[in-house]
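Report on the following structure.
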Amino acid sequence: MSEYGKVYILGVGPGDYKLITLKAAECIKKADVIVYDRLVSTKILSFAKEDAELIYAGKLPDLHTVPQEGINEILVKKALEGKVVARVKGGDPFVFGRGGEEAEALSEHGISFEIIPGVTSAIAVPAYAGIPVTHRDYCSSLHIITGHEKPGKAESFIDFELLAKLEGTLVFLMGIKNIAEICSNLIRFGKKGTTPAAVIENGTTVSQRVVSGTLKDIAQKVGEAGIKSPAVTVIGGVAELRDKLQWFSKGSLFGKKVIVTRTREQAGKLVDAIEQLGGEAIEFPTIKVQPPQEYLQFDKILRNLYAFRWIVFTSVHGVKVFFMRMKEIKVDIRRLWGIRLCAVGEATAKELEALGLEVFYRPEAFTSSELLKGLLDYVRPGEKVLLARADMASEELSEGLTKNNIAFEELTVYSTSLETSDRQGILERLEENEIDFITFTSASTVKNFVSILGAENLDKLSGAKLVCIGPVTMEAAEKLGLNVSAMADIYTIEGIVDKLVQITRGG
Ligand code: SAH
């Protein structure tokens, strides 16, 4: 590390966290200190190193948490300590982001810095509402204006007479409190009251709301809809294109807030699918996957694989751990010769196939009872079965095998425990009826969810719809007194997503 640190003044886009640039994401990942603003999503902060120091420098509209000079001082101080500092801002750091002032302070202290531009709300927020800020048929310029006068400046800081004459698109940031004044001033100086206008609140996020109208009536409509900051106001012919071009709000899960209870490692696919359809996926992992307590039995079994005719894998993670351990202790994969593999679930089968292994049998329904039925059909007398599963696996399978005199051995490939998640945050959102769906992908996610929340809080779930992946999960939920709304038709992640869409459409 150099004697002095470095400061990256960067923008992360207006809301949708995927609008961050690769460069900004890289900097956040490597920063020792992160100084962030109010409009920066927690998802983006989760990119930070585990031991990074997070400093909130957010300014609420009426309440300045840390004054600008204070922020400048923090940046200078941390850089002088030799730290890599990411100064994280919403949108673009140089568009009403005070990035310029901060860069000046750093330059005065001889501290090296870099600017990483971001996707600005002035352009991206209208785009998510279906409004192109320029269009050849409508305008030939774009003007970005602050609607929030710099405190202490005289009333005439913005020249409305000049603005009213412009043919180009006018985009006001920070102006929602003054919208009535802005519009009346523009009309007073000659802008037509019929000019199309739109206001977009929380643009690019699941909470995006849009109010359309004209210069004459938009302020009143905004008042009626109760639109608050952050919001962008677009004034100009292009605003009418929204009728034709709106797209984001058409996502089939648009506006829906969905809790995902899978492990952090496994949540990705479901989270992506929800986000792609315009919903918000709230990760609340209930299960933490841990390596087995000890490998004594594990290694013994791996070295004696020839004793088995069948191996049953019930999860992707189980497959991963099994083969990783084989590699670690140098058990050749050819030792699997002659062994028939069973996989519960499509993803589990794919994981085996990716290793070049053929899956002999996969039950049609991904349940223990279905698996047992299949095994009873296939396994011949004298053949031994290895069940490679988690420690909390259901007893149904082992009991069934015992009853039918099939020799088997249990191998605990991983153990699971309760994950420590943001319980308080979730409880608050549930209480405020902010959650539309809670998804469960296994019996253990249900059990752990209830343990983490506490039985006394279960009545808070009443505003949300509970959706389970399959019958075993659903049964577990109902046993715990939960009111399940629906079960996926196909017992897969895709099946859950389809079900969420179907319920949202009112099907
Ligand atoms: N540097 C930022 C702007 C900071 S000023 C950028 O380039 O986007 C803050 C203003 O940006 C807010 O008052 C609002 O007008 C606008 N804004 C930021 N994010 C927004 C969002 N998701 N939806 C609507 N407006 C947003």
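With 17 Å as the cut-off, how large is the P(r) tail for the stretch 254-341, expressed as percent of Cα-Cα pairs? Distances greater than 17 Å cover 61 percent of the Cα pairs. Using the Cβ of Pro291 as centre and a radius below 12 Å, the other residues enclosed give a net charge of 0, where K and R count +1 and D and E count -1. Computed over the stretch 123-245, the convex hull of the alpha-carbon atoms projects to a mean area of 7.0 nm². Listed by chain and number, the lysines whose C-alpha is less than 22 Å from the C-alpha of Lys300, apart from same-chain residues fewer than 8 away, are Lys320, Lys327, Lys330, Lys384. So if I take the alpha carbon set of the stretch 186-301, get Rg, then get Rh from the Kirkwood formula, what is the Rg over Rh ratio? Across the stretch 186-301, the Cα-based Rg/Rh ratio is 1.32.
Taken over the chain, the alpha-carbon convex hull comes to 187 cubic angstrom per residue.
Label-to-label distance for Glu353 and Lys192 is 6.0 nm, based on points extended 7 Å past Cα in the beta-carbon direction. For the stretch 289-313, list residues with backbone N below 16 Å from a point placed 7 Å from the Cα of Ile329 toward its Cβ? Answer for this model: 291-308.
Legend: ranking of residues Lys499, Lys18 from fewest to most surrounding C-beta atoms inside 10 Å; resulting order Lys18, Lys499. With R₀ set to 41 Å, the beta-carbon distance separating Tyr306 from Asn433 gives a calculated FRET efficiency near 0.10. Derived scalar couplings between HN and Hα for the stretch 140-148 equal 10, 8, 9, 10, 10, 10, 7, x, 10 Hz in order, rounded to whole Hz, by the Karplus curve 6.51 cos²θ - 1.76 cosθ + 1.60 (θ = phi - 60°), x for Gly and Pro.
Estimated from the Cβ-Cβ distance and a Förster radius of 41 angstrom, the FRET efficiency linking Ala455 and Glu494 is about 0.80. How many angstrom lie between the Cα centre of the stretch 1-44 and the Cα centre of the stretch 333-363? Each part reduced to its Cα centre gives a spacing of 42 Å. The spread of Cα positions in the stretch 246-405, taken along each principal axis and listed from longest to shortest, comes to 64, 34, 28 Å. Computed from the Cβ-Cβ distance with R0 of 41 Å, the FRET efficiency linking Glu81 to Arg505 stands at 0.15. Listed peptides 398-406, 178-186 appear in the order 178-186, 398-406 once ranked by packing, highest mean of other Cβ atoms within 10 Å at the front.
The shape of the stretch 301-380 can be summarised by an equivalent ellipsoid whose semi-axes, obtained from the alpha carbon gyration tensor, come to 21, 15, 10 Å from longest to shortest. A straight Cα-to-Cα reach below 16 Å connects Lys192 with the aspartates and glutamates Glu161, Glu167, Glu181, Asp217, Glu240, residues fewer than 8 places away in its own chain not being considered. Screening the chain for whole DSSP H helices of 30 Å or more along their axis (Cα) with average Kyte-Doolittle hydropathy at least 1.6 returns none.
Its convex hull of Cα atoms gives the stretch 319-359 a direction-averaged projected area, equal to a quarter of the hull surface, of 2.7 nm².
Highest average first, the peptides 246-257, 4-15 ordered by how many other beta carbon atoms sit within 10 Å of their residues are 4-15, 246-257. Multiplying the residue separation of His109 and Leu418 by 0.36 nm and subtracting their alpha-carbon distance yields 106.4 nm. Distance from the Cα centroid of the stretch 394-448 to that of the stretch 261-275 is 15 Å (rounded to whole angstrom). Principal semi-axes of the equivalent ellipsoid, √(5λ) from the alpha carbon gyration tensor of the stretch 6-118, are 19, 16, 13 Å from largest down. Distance between the pseudo-spin-label points of Ser140 and Tyr378 (7 Å out from Cα toward the beta carbon): 7.2 nm. Of the residues Val222, Val199, the one with the fewest other Cβ atoms within 10 Å heads the list, and the complete ranking is Val222, Val199. Our Cα-only numbers for the stretch 399-507 put the radius of gyration and Dmax at 16.4, 53 Å.
For the stretch 359-384, the residues whose backbone nitrogen is under 17 Å from a point 7 Å from the Cα of Lys269, taken along Cα to Cβ, are 359, 362-367. Once you reduce the stretch 79-98 and the stretch 207-253 to the center of their Cα atoms, the two points are 30 Å from each other.
Every read-out reported here was derived from the displayed coordinates using simple, explicitly stated rules and does not represent laboratory data. Please read these numbers as outputs of a predicted model, since none were measured by experiment. When we count neighbours, we look across all protein chains shown, and the Cβ atoms used for this are built from the backbone with ideal geometry, even at glycine.
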